[in-house]
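Notes to accompany the following structure.
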Amino acid sequence: MKYAYYPGCSLSSTGIEYDMSTRKVAKALGVELWEIPEWNCCGASSAHLTDHLLALALPARNLAIAEEQGLDMAIPCAACYVRTKATEVEVKSSEEMQKTISEVIERKYTGQSRARALLDVFVNDVGLDSINALVHKPLKGLKVVSYYGCLLVRPPKYGFDDPEDPQSMDKLVEALGATPVDWAFKTECCSGAHAIAKSEVGLPMIEKILAAAKESGADCIATACPLCMCNLDMRQGQAGSKFGRSYNLPVFYFTELMGIALGIKPEELGVNKHFVDASGIIKKLNEAEGRRETA
Amino acid sequence: MKRVGVFICHCGSNIAGAVDCEKVAENAKSFPGVAFSTDYKYMCSEPGQELIKKAIKDHKLDRIVVASCSPRMHEPTFRRCLESGGLNAYLLEMANIREHCSWVHPDDKEKATWKATELVRMAVAKVLKNEPLQRSTIPITKRALVIGGGIAGIQAALDIANAGHIVDIVEKEPSIGGKMAQIDKTFPTLDCSACILTPKMVEAANHPNINLITYSEIENVEGYVGNFDVTIRKKARSVDMTLCTGCGTCMQKCPTKVPSEFEMLMTDRRAIYTPFPQAIPNKPVIDRKNCRYFTTGKCRVCEKICPTKAVDYTQEDELVTQRYGAIVVATGFDLFDHSVYGEYGYGKYKDVITGLHFERLINASGPTMGKIKRPSDGKVPKDVVFIKCVGSRDEAKGKAYCSKTCCMYTAKHATLVREKIKDSNVYVFYMDVRTPGKGYDEFYTRTTDQFGAKYIRGRVSKIYEKGDKLIVRGEDTLLGRPVEVEADMVVLATAMVAQPDAAKLAQMVGFSYDQDNFYTEAHPKLAPVETHTAGVFLAGACQGPKDIPESVAQASAAAAKACGLLSKEEMPTEPIVSCVNEAICAGCGMCVPVCPYKALDLKVIQERAHGKTITRKVATVNSGLCQGCGACTVACRSAALNLKHFTNEQILAEVDALCL
Amino acid sequence: MEKIELTKALAQGQQMLAEVTHESGGVRASKCYQCGKCSAGCPVAFAMDKTPREIMRLLQLGLMEEALKSHTIWLCASCDTCSTRCPREVDIAKVMETLRIIAKKKGYVAEKKLDQFHDLFLKSVERNGRVYEMGLVLGRNILGMQPFKDVELSPAMLLKGKLALLPHTIKDNGEVKKIFANVRKRGGKV
């Protein structure tokens, strides 16, 4: 199993632990990730909201490079995924669009190489059974709410999972030995970049999700998007203090949870880089593991 | 020399708005064989028909072309006109310059006029080749079949029976009564549904002209109007109807509990059961899928307990065939499955229920004895939300149409909640309130004004559970602001949809249905209870969403149509059937399996050739069964089969007129 | 409340409405039957001056200017909840995006900060091929006259290796620069 790996800008800064854990976990699962050399930014929502053609062209360059190698792209970041998927779908839908895009990027892209979300690759290509078979340290007793965000499962025509009540991350978490907790905010929007540019709008949106997660009784949140992570983890303190609450809800990339269950050291996965301290959870898991071993 | 008369209809502005009718009439004058051509505002009207009759006389016309609407609409009208003008009805040809021309080309008069001219040219070419055809007659079997024993089926059967004809009602459930039996009260009068339905059920059961065939389904239908041969599968009841007294002891002692379909799975019935206490016939059946004896081989409690030894495990399904002159289809509707709405919880929230669940919850003989209690924990709900148009008017996840009844039954439900739970709050999310009907809007006004239900104009976007509450998010579109309700229970007015096996039955009986599997009437205005298949009539919600008064009215209308048919001794048949030219038929038999009406067969003939007698096979057409579809003529490789009135020669004359 | 001259509005709005349909790849505002499901589910509706449904209504009546000047079109987070749930299958999010692009061309920017953010973001992409997040955060906060608003977060981010001080670049950014140039050549306002 080999994919053209597209980390995207966030994964070399705010989302560095997503990159670290993805690489480690892929290796453990036998998934080969060939990083697209000299990849460029997908344009994110900024290009999408500024110019239609630019939004399609920026990801097309990365797809074209992947296509030269005959590889599908594996994309961890949900935002990069949906923008790249949009390009793939548009190019596939008309020859005229294919021609225009190829002219703008001055490379050939025919729609052969597909954009795949990393979660999709792990759950549906590698498979839950294979992942489960490799679990060394099951996440026993850990209650997890899966937070998919808005871009991973919408629009439904791109989706590999249900747009209202997606299941893939919940099933993955279950395969890791943890307990998935059902909740109603799986696909509520975290406000995206609004949190940076307009926090009076962003923070209430973040707060709603955190409150719902807390109320569900979960120990932590699993996510598949560096922007969601930023908002829920890095801004958890801001959101909490604005509404006079303290959540203390660690947020993990699903790849980090996979790494822990596969027996990879948390530091190697970047878990220590979280803003909301996750060491309590790690300690609890280790203690439970120790008890099981002595028993 | 043949003399054709051409008559171009304006259809008011329907045709004349897009087609220059005078010019078409003028153009037609030059077509070969045309002796007279004119136009008129309404050709189908009395003066229009007189115009045709007079022209036949004055201009010695011997065949006629009428260019107007679809022949589906007025071909019978103009055929009658020709007959009273002294011509054979089949010397008429119609050019459809409305549906096929003016309605589809409203914006280009020049081209539409050209197209109309060409359509008339083709009709003239064909009518020159038309032959006079004679109708024959067939006898009519004086017995009617009603499929479905809900309120529509019961009403149709009673009306036919009261007119003196024998009627069989075939009902797939163990009891007649249908959906109306599940309903608690009826709008706008709030009278009890059972109180007005059950007397009708008893009347049907006791009527000397009505036979109830319950727990039975239609297996096969052959034949044609006046003589349908219908095979009915009587499912094994496992109870001998002649011995059973309906004492009900078996139902008390049966050890197997099964969620009751009648009670919307909110309480249990037994494996030997009647669907509800007022069932007719009030004799139980054994649900073999769940019966302990049938699943494990042990038990036989009901057999032991039965005082009349009526339980019979050895019964088998029985197939009976009966001939009927007319069929009334009254198979009713089903409810839309709201589990496609992820935003409403995919059907997994217990306290999000449908209107039919609610009917059982407020019914005195329902699972809660008429006390409104929510399914999850039995608590009396205080804040109740109703959501209309769930699955209706929703192209994305449901049906594009309006289900018509939900506005009124939701108003009824809202009223009943406010009446029964004094400190309750009722919120109705709606897009429009549609209450055309006698006393309907007055009822709705009382719901808001006297009973204080809060109507909020907006479609709900999301429902989710929070603790033991349901959070309902909508927009008050009249204020332009998002709103949220913390509800204890949510009732969805789910769409009325066709029965899951609706298409199958239609195909079996042989009539058409629409994209939503509702049965199609022959004409939306002028033939609302007929189907395109002669002798088959429609009643109730199988044809489209309807409330009780409308279903009953349509049932009586269907009955009147059936009675009209059954009151005759015999009826004329359409002479447009296939015929075989035996001289060139190769006897290949290709036509036999192609015929959807089983009208074609092979027969052996003897003939003299070169001084010898030889025998060979040729095709033969049963003109009683042939419906004139023409499928055989297309399959025939030697062109030995021809459909009268649509012969190869006639069709080619049309093609030549257009193309040469 | 100001009266709407419907005749005038419809006459003026027709052309713009056609432009919205064209630019959005065929999304027709006339399909909307004003049920409000979009606005009920919109996570940002609380901050908007008009609900998404009201924007659709403005378009239906030809009141284009009012739609283009609204804050709503800028506050839309493009989460697609509305489009996913619309019973009339109207891609509302796409309409918001299209209106924003048109508004920017016409110089109507109701939410300057959000617009500046996207401009800065794209500048970084054009210059470096990738996004330089520290630069972005700082640049935005200075332009927004709120320097170092995220100052409480910055040291921690640096400490955790989450903020790069130097821009991430790709070695030869000629290709990305060319993409921007080619889009501009085709009339793109970038």
Seminar exercise, completed: Stretched fully, the stretch from B:ILE614 through B:LEU478 gains (0.36 nm per residue minus C-alpha distance, one decimal, in nm) 40.3 nm
For this session: Between C:LYS105 and B:VAL104, take the C-beta separation as r, use R0 = 51 Å, and let me know the FRET efficiency to the nearest 0.05.
Result: 0.80
Problem set entry | Between 0 and 90°, nearest 10: helix B:71-84 axis offset from chain B longest Cα axis | 50 degrees
Problem set entry | Residues whose placed amide H lies under 5 Å from that of A:THR179, excluding near-sequence neighbours | A:GLY141, A:LEU142, A:LYS143, A:VAL144
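Can you pick out the pairs among A:LYS186/C:LYS50; A:LYS92/C:LYS123; B:LYS172/B:LYS289 whose Cα atoms lie more than 18 Å from each other?
Details: A:LYS186/C:LYS50 26 Å; A:LYS92/C:LYS123 29 Å; B:LYS172/B:LYS289 16 Å.
Too far apart for the 18 Å limit: A:LYS186/C:LYS50; A:LYS92/C:LYS123.
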For this session: Kindly express, to the nearest 10 degrees and within the range 0 to 90, the angle between helix B:440-449's C-alpha long axis and the longest C-alpha principal axis of chain B.
Result: 30 degrees
For this session: Calculate the spin-label point distance for B:SER365 paired with A:ALA288, positioning each point 7 Å from the Cα along the beta-carbon direction, and give it in nanometres.
Result: 5.3 nm
Problem set entry | B:LYS382-A:GLU103 pseudo-label distance in nm [points 7 Å out on the Cα-to-Cβ vector] | 6.7 nm
Problem set entry | 10 Å Cβ neighbours from other chains, averaged over peptide A:152-160 | 3
Exercise. Given H placed 1.01 Å from N in the peptide plane, which residues other than close sequence neighbours of B:ARG143 have an amide H under 5 Å from its amide H?
Worked result: B:GLY325, B:ALA326
For this session: From other protein chains only, count the Cβ atoms within 10 Å of every residue's Cβ in B:301-311, then give the mean.
Result: 0
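About its Cα centre, what dipole magnitude does region C:6-106 give when the only charges are +1 on Lys and Arg Cβ and -1 on Asp and Glu Cβ, stated in debye to the nearest 20?
Working: 15 positive and 10 negative charges, 21 e Å.
So the dipole magnitude of region C:6-106 works out to roughly 100 debye.
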Seminar exercise, completed: To the nearest 10 degrees, the tilt of helix B:406-420 (Cα long axis) against the first principal axis of the alpha carbons of chain B is 20 degrees
For this session: Answer with one residue from C:ILE101, C:ILE73, C:LEU59: the one whose Cα lies farthest towards the positive end of the charge dipole of region C:6-106, charges on Cβ with Lys, Arg +1 and Asp, Glu -1.
Result: C:LEU59
Exercise. Roughly how crowded by other chains is peptide B:479-485, in terms of the mean Cβ count from those chains within 10 Å of each of its Cβ atoms?
Worked result: 4
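Provide the FRET efficiency to the nearest 0.05 for the B:GLU649-B:ASP337 pair, computing r from the beta carbons and using R0 = 41 Å. Provide the component values of the computation, followed by the final result.
On the way: r = 54 Å, r/R0 = 1.31.
Approximately 0.15, to the nearest 0.05.
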Seminar exercise, completed: Taking the alpha-carbon centre of each part, the distance from region C:1-67 to region A:103-140 in Å is 39 Å
Exercise. What size of dipole, in debye to the nearest 20, comes out for region B:30-92 about its Cα centre when the only charges are +1 on Lys and Arg C-beta atoms and -1 on Asp and Glu C-beta atoms?
Worked result: 60 debye
Exercise. Stretched out fully, how many nm does the piece from B:GLU46 to B:LYS466 gain, at 0.36 nm a residue minus the Cα gap?
Worked result: 144.2 nm
For this session: Find, among the GluC sites (Glu not before Pro) in region A:63-147, those assigned to loop by DSSP (not H, G, I, E, B) with at most 14 other beta-carbon atoms within 10 angstrom.
Result: A:GLU106
For this session: Please find the FRET efficiency linking B:ALA560 to B:ALA527, where r is the Cβ-Cβ separation and R0 is fixed at 22 Å, and quote it to the nearest 0.05.
Result: 0.95
For this session: Measure off 7 Å from each Cα along the Cα-to-Cβ vector at A:GLU95 and B:VAL592, then give the distance between these two points in nanometres to one decimal.
Result: 5.0 nm
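Could you list the trypsin sites (Lys or Arg not before Pro) in region A:115-176 that lie in coil according to DSSP, counting only those with at most 11 other Cβ atoms within 10 Å of their Cβ? Please list the in-between numbers first.
Values: sites: A:ARG116, A:LYS140, A:LYS143, A:LYS157, A:LYS171; in loops: A:LYS140, A:LYS157.
Passing sites in region A:115-176 are A:LYS157.
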For this session: Could you work out how far the C-alpha centroid of region B:488-552 sits from that of region A:266-295, in angstrom?
Result: 62 Å
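Once you have a ≥ b ≥ c as the square roots of the Cα gyration tensor eigenvalues for the protein assembly as shown, tell me rounded if a/c is under 1.5, and otherwise prolate or oblate according to whether a/b is larger than b/c. Can you show the working numbers first?
On the way: a/c = 2.05, a/b = 1.48, b/c = 1.38.
It is prolate, given that a/c is not under 1.5 and a/b is the larger ratio.
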Problem set entry | Residues of region B:621-637 with amide N under 12 Å of the 7 Å Cα→Cβ point at B:LEU133 | B:626-630
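Let's see if you can work this out: charge +1 on each Lys and Arg Cβ, -1 on each Asp and Glu Cβ, no other charges. What is the dipole magnitude of chain B about its Cα centre, in debye to the nearest 20? Mind showing how you got there, number by number?
Numbers: 85 positive and 76 negative charges, 215 e Å.
It comes to approximately 1040 debye.
For chain B, rounded, prolate or oblate, judged on the Cα gyration tensor with a ≥ b ≥ c (square roots of eigenvalues), a/c < 1.5 rounded, else prolate if a/b > b/c? Display every interim value, and only then the final one.
On the way: a/c = 2.57, a/b = 1.52, b/c = 1.69.
Note, shape of chain B comes out oblate.
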Exercise. Lysines near B:LYS612 by alpha-carbon distance under 20 Å, same-chain residues fewer than 8 away left out - which ones?
Worked result: B:LYS603
Exercise. Just from its helices, what would the mean residue ellipticity at 222 nm be for the protein assembly as shown, if runs of 4 or more DSSP H residues each count -39500 (n - 2.57) and the sum is divided by every residue, rounded to the nearest 500 deg cm²/dmol?
Worked result: -10500 deg cm²/dmol
Exercise. If you find the alpha carbon centre of region B:285-347 and of region A:8-79, how far apart are they in angstrom?
Worked result: 57 Å
Seminar exercise, completed: Everything considered on the Cα gyration tensor (a ≥ b ≥ c; rounded for a/c under 1.5, else prolate if a/b is larger than b/c, else oblate), chain A must be described as oblate
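Please sort by residue number the GluC sites (Glu not before Pro) in region B:340-444 whose DSSP state is loop and whose Cβ has at most 13 other Cβ atoms within 10 Å.
Numbers: sites: B:GLU343, B:GLU359, B:GLU395, B:GLU419, B:GLU442; in loops: B:GLU395.
For GluC sites (Glu not before Pro) across region B:340-444 that sit outside H, G, I, E and B with at most 13 neighbouring Cβ atoms in 10 Å, the list reads B:GLU395.
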Seminar exercise, completed: Counting sequence-distant residues (5 or more places) and residues on other chains, those with an amide H built under 5 Å from that of C:ILE170 are C:ARG130
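Laboratory data are not the source of any read-out in this text; all were calculated from the coordinates shown. Everything numeric here is computed off the predicted structure, so don't read it as measured data. When we count neighbours, we look across all protein chains shown, and the Cβ atoms used for this are built from the backbone with ideal geometry, even at glycine.
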